[in-house]
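Below is one structure. I have some questions about it.
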Amino acid sequence: MSRLASFGQNLYTGRVSFDFVGRRMLWYTMSGVIVLAAATGLLVREPNPGIEFKGGVEFNVSIAPTDTNVEVVRDATIDSGVDVGDPLVTTSGNEAVLVQTQPLEQAEADQVAAALEEAGASDVSQERIGPTFGAQILNKALLGLAVFLGLVVLFIWAYFREWKMSVAALVALAHDVLITVGIYAWSGFEVSPATVTGFLTILGFSLYDTVVVFDKVRENTRAYSTNLSRTYAEQANLAVNQTLVRSINTTVAALLPVLALLVVGTVVLGTGPLKDLALALFVGMAAGMYSSIFIATPLAVHLKEQEAGVKSQAQRVAARRARESAQPEPEPEPVAATADGADARPAKQAAGRNQPQRKPRAQRGGSSRRSRR
Amino acid sequence: MATKATTRPGRTLAVLGGVIAILLGLVVLGGDWAPRLGLDLQGGTRITLQARTADGEDPTTDELAEAQEIISSRVNGSGVSAAEVSTRGGDQIIVEIPGEQRSDIVKQIGRTAQLRFRLVWSGPAPGQQTQQPPQQPPSQGGGGNNNQGDNQGDGQGANPGNGQGSGQGNNRGVSGWMLPADDTGPEGGPGDQPTEEPTPTDQPASDTPVSEMSVEEMLQTTLNRAPPTEYAGDYTRLTAEFTAFTCPEGDDAAAQVDDQPGEALITCDRDGLKYLLSPAVIEGTSLTDASAGLPQATPQWVVNLELDGEGSDVFSTVTRGLVNTQQLFAIVLDGQVLSAPEVTSPITNGQAQISGGFTQETATDLANSLQYGALPLTFDESGVTLAGPTLAKSQLAAGVLAGLIGLALVVVYCMFYYRGLGLVVIASLAVAGFITYELVLLLGASVGFTLTLPGIAGLIVAVGITADSFIVFFERLRDEVREGKSLRLAVEAGWRRARLTILAADAVSLLAAVVLYIFAIDEIRGFAFALGLTTAIDVLVVFFFTKPLVSVLARTKFFGQGHPMSGLDARHLGIEGRRVSELAHGARRPARVPR
């Protein structure tokens, strides 16, 4: 652990650094492949809509889920005297057998339940969903998604005050949702309202991760234009590295309880909201952490680098480095200071924080005027 | 600022302690120590009714509230105790019956019970009619009706005279659907009025919608098999529509009909026979009472209706007009023709009776539905969940198990990684957990919040989110130490930076929870609620417990001097050449303070 901790220290000072921002093409490609692979799941594996979406009756039959009992339950359902269509009978967890039938009238459903109890079930629960209800739930979910996205855009805009970061955060969001939806499709889990809720929730969580990382990026790059020790991209990359341990820790801490939900929901219950929610959340949270580091930040930098100010600062940094490498003696201090002084520099400037932010624009304006002449 | 904050952690902790104590006091007053469980965790019945309006718009709040009240009365009227009827999302009514599996009341409580009396303009030939109209009027007649008998003559005499035979040609097209009684009335009508031939030129004048007919005019239309001239255009359209109409198979045939009181209605009875009906002459709102009964010497259950004064007047006009004409009026319930009796004697005392294949149960159900009034809205019975006790028990057990495992995993991870600070995490989680439990109890007692399986899932997921905040703070704190601050300064500086991040992240979570709460379907709503609740509690705990606690601990020797097990030792943080209690050599104290 202490090795991990000093690893954290090294990440923090930049002694150890992963090039998240610079190798963005690699990450973009990787994500593209993952998203494609996940999305294939949507096409290859037909989504398995739960009873809530397709309508019908689901009986949760409390009976030991043995093969014999599955047959017993199937026979009892078919012989109940009700036209149940072609019932789908499956085991669920370690305590129940599930039966799904076509839509039935309440009296018919009660008749089936009675037949099942007669066949040895200690208890029969039923969920009867009208066929139009599922469509409504889906509509509601889509509406929720739209509203949520709108609010998220507003939030990001209000918080970061910059469309580039907003776009990057949204792309990361879409990335996470696609991966989650795709992997969910691959899993063959039922798509229930709990699933949809899970999808909506990961929108929030994905954003949370991005907020944490972007916060640090913003802090590091606050005075980038007057700080020639690092380019904007390098500052951003340092930010990601500095928050890496935190990102990993928060994600692990968040994933552990979800994992517990997923395992218990799958093994013990076998069906129901726990496992649907948990799978969506688990994949979504993991993807959220990944995308905040590998997609959101590189993309934000990518977009930001199109700015003249960022470009000229990068040129100045490059020029300065060229000078330094030509005559390495004059600046031993900043190199040594990087460890604990990297922040001492911006800190010095922090006193007049507003000024440096205005300055680049002035410079930009000046330089463009000059170039026009 | 910084110095103030460092000197006051004790006071802040005391404030939180006070808040917890007050909540605890309230819980004690409430006297309930176990949370209210949702239906999925204790078993029970949940019925979701979805309002359907003619124009697809959301119903008004008033309509929904009225419907809620009526459904509530119906549920109570059917002998269910402790049921809860609530409205959701502006267009749903949810009936929850904890602990009982009552599928039997499903049909009855959601029925609109919109009862209307209409006149039959076109209907099945008498031979096809399977209901027994002749049985009915005698029992409707009751006492004291006979004296009205002499009025019949007037009514009947007047009606054919007024009958205008326009649009007759079109009517002929559907004459197959008309009652044979046609022959007398209408035959006379057109014969008397050959002047009606130039109908086409009258077209504009004959285009008044039938919805503007008076009761008398509707009656004339029934008796003449043709409307007064000014309605001919609309009537022709209706008859064409009627000819084209086919009744769907099955019991729910009438459910597809849009039953508007002011409009003519084309619909079916339970046997799949179709009717063209006049706009409503009497509405269900005129009912003063409804009861099930078994008339003497008949094996068939009926529902007895009592009409108020205005309803009685209209009813007597109608029955007087129809008496002995073999023409029918129809009793329409929720757009379906319940019965279409002939009238053998006029009824003036406002007592009507519906027969039509009732059993004791169906008659009682209908009477109960009618008695509390018609719902102002049509409801689709969109979902019925019956949770058995076994399933409920195993779901509760699974939820608790998942919670314990999840909590244990997080605690172990934090102890492993943060050592001494891990204890702070555990203490903070314990405080957050305690406050959450208190609030769940209080919300249960005050606003009826129930803990469902998704709610438990939300609480479990929240463990991670809450731990996130601590981690953000601790990592910030360590960053500050790495930057060269002493621990005590780092706590304050790290906090100032962490708190913005924590607030932003919690704001996102809270936003997510609120939106989820609004858009989630009911069963999952508990998840969003739990998420939102715990996020708010997280902010409270981090600000008023974790931060001050760390401030206090930073002064202790164990943490402040960076004991190897504290999680804040120099080696653990990876800093070299100084103790965490000291400032780094290069660090300039004042430089950091302004932030």
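How do the peptides B:56-65, B:477-486 rank, highest first, by the average count of neighbouring beta carbon atoms within 10 Å per residue?
Put in order of decreasing packing, that is B:477-486, B:56-65.
Here's a follow-up. Averaged across the residues of B:405-412, what count of C-beta atoms belonging to other chains lies within 10 Å of each residue's C-beta? Don't skip to the end; give the middle numbers.
Values: counts 7, 10, 3, 3, 7, 7, 1, 1.
The mean count of partner-chain Cβ atoms within 10 Å per residue comes to 5.
Here's another thing I want to ask about it. So what's the gap between the Cα centers of the stretch A:242-289 and the stretch A:184-201, to the nearest angstrom?
After rounding, the separation between the Cα centres reads 13 Å.
While we're on this one: HN-Hα J couplings of the stretch B:22-34 from phi, Karplus 6.51/-1.76/1.60, θ = phi - 60°, integer Hz, Gly and Pro as x?
3J(HN,Hα) across the stretch B:22-34, in whole Hz: 5, 4, 4, x, 5, 4, 4, 4, x, x, 10, 9, 10.
Sort B:69-76, B:331-338 by the packing proxy (mean of other Cβ within 10 Å over each peptide's residues), most packed first. Intermediate values should be presented prior to the final figure.
Numbers: B:69-76: 20.0, B:331-338: 23.0.
Output ranking for B:69-76, B:331-338: B:331-338, B:69-76.
Nearest 0.05, what FRET efficiency do B:LYS393 and A:GLU305 give at R0 = 45 Å with Cβ-Cβ as r? Before the final figure, lay out the partial values.
Details: r = 59 Å, r/R0 = 1.31.
Once the sixth-power term is evaluated, E becomes 0.15.
On to the next question. Can you list the aspartates and glutamates whose alpha carbon is less than 20 Å from that of B:LYS557, not counting same-chain residues fewer than 8 positions off?
B:GLU480, B:GLU492, B:ASP569, B:GLU576, B:GLU582
Ignore the peptide's own chain and count Cβ atoms of other chains within 10 Å of each Cβ in A:241-250; give me the average, rounded. Could the numbers behind the result be given before it?
Numbers: counts 0, 3, 5, 0, 5, 10, 2, 2, 11, 10.
Mean shielding by partner chains, rounded to a whole number: 5.
Please list, by residue number, everything in the stretch A:84-111 whose backbone N is under 20 Å from a paramagnetic label point 7 Å out along Cα→Cβ of A:VAL267.
Once the point is set 7 Å along Cα→Cβ of A:VAL267, A:91-97 turn out to lie under 20 Å by backbone N, inside the stretch A:84-111.
For the stretch A:91-143, what does the alpha-carbon gyration tensor say about shape, rounded, prolate or oblate, given a ≥ b ≥ c as the root eigenvalues, a/c under 1.5 as rounded, and a/b over b/c as prolate?
Working: a/c = 3.87, a/b = 1.75, b/c = 2.21.
The shape class here is oblate.
Using the per-residue mean of other Cβ atoms lying within 10 Å as a proxy for protection, in what order, highest first, do the peptides B:406-413, B:467-474 fall? Could the numbers behind the result be given before it?
Numbers: B:406-413: 19.4, B:467-474: 27.1.
Descending packing order for the listed peptides: B:467-474, B:406-413.
So what is the relative contact order for the stretch B:307-413, in percent, with contacts set as C-alpha pairs under 8 Å and at least six apart? Walk me through the numbers before you get to the answer.
On the way: 72 pairs, mean separation 22.2, N = 107.
After rounding, I find 21 percent.
Within straight cross-link reach of A:LYS304, meaning Cα distance under 16 Å, which aspartates and glutamates are found once same-chain residues fewer than 8 apart are removed?
A:GLU162, A:ASP215, A:GLU219, A:GLU234
Determine ³J(HN,Hα), in whole Hz, for all residues of the stretch B:348-353 in sequence, where each value follows from phi through the Karplus function 6.51 cos²θ - 1.76 cosθ + 1.60 and θ = phi - 60°; x replaces Gly and Pro.
Values per residue, Gly and Pro as x: 10, 8, x, 10, 10, 8 Hz.
Would you grab the residues whose amide H sits under 5 Å from the one on B:THR378? Only those 5+ places off in sequence or on another chain, please, with H modelled 1.01 Å from N.
Residues meeting the amide H criterion: B:ARG52.
To continue, here is another question. Going by the alpha-carbon gyration tensor, a ≥ b ≥ c the square roots of its eigenvalues, is the stretch A:276-329 rounded (a/c under 1.5) or, if a/c is not under 1.5, prolate (a/b greater than b/c) versus oblate? It would help to have the intermediate numbers written out before the result.
Details: a/c = 9.23, a/b = 2.84, b/c = 3.25.
Since a/c reaches 1.5 but b/c is at least a/b, the shape of the stretch A:276-329 is classed as oblate.
Go through the stretch B:283-300 residue by residue and turn each phi into a ³J(HN,Hα) via Karplus (6.51, -1.76, 1.60, θ = phi - 60°); whole Hz please, and just put x for glycine and proline.
10, x, 5, 7, 6, 10, 7, 9, 8, 8, x, 10, x, 4, 6, 10, x, 9
A follow-up question, please. Using the structure shown, list the pairs from A:LYS54/A:LYS140; A:LYS140/B:LYS393; A:LYS140/A:LYS164; A:LYS216/A:LYS311; B:LYS107/B:LYS274 with a Cα-Cα distance above 19 Å, or answer none. If you can, show how the numbers build up before the last one.
Details: A:LYS54/A:LYS140 15 Å; A:LYS140/B:LYS393 30 Å; A:LYS140/A:LYS164 30 Å; A:LYS216/A:LYS311 21 Å; B:LYS107/B:LYS274 24 Å.
Beyond 19 Å: A:LYS140/B:LYS393; A:LYS140/A:LYS164; A:LYS216/A:LYS311; B:LYS107/B:LYS274.
Would you mind counting up the charge near B:THR378? Only other residues with Cβ under 10 Å from its Cβ, with Lys and Arg at +1 and Asp and Glu at -1. The partial results should precede the final answer.
Working: positive: B:ARG52, B:ARG111; negative: B:ASP258, B:ASP259, B:ASP334, B:ASP380.
Neighbour charge sum, excluding B:THR378 itself: -2.
How big is the gap, in Å, between the Cα center of the stretch B:427-471 and the Cα center of the stretch B:348-398?
Measuring centre to centre over Cα atoms gives 37 Å.
Each reported figure results from applying straightforward, stated rules to the coordinates on display, with no laboratory input. These figures come from a predicted structure and were not determined experimentally. Backbone-built Cβ (ideal geometry, glycine too); neighbour counts: all protein chains shown.
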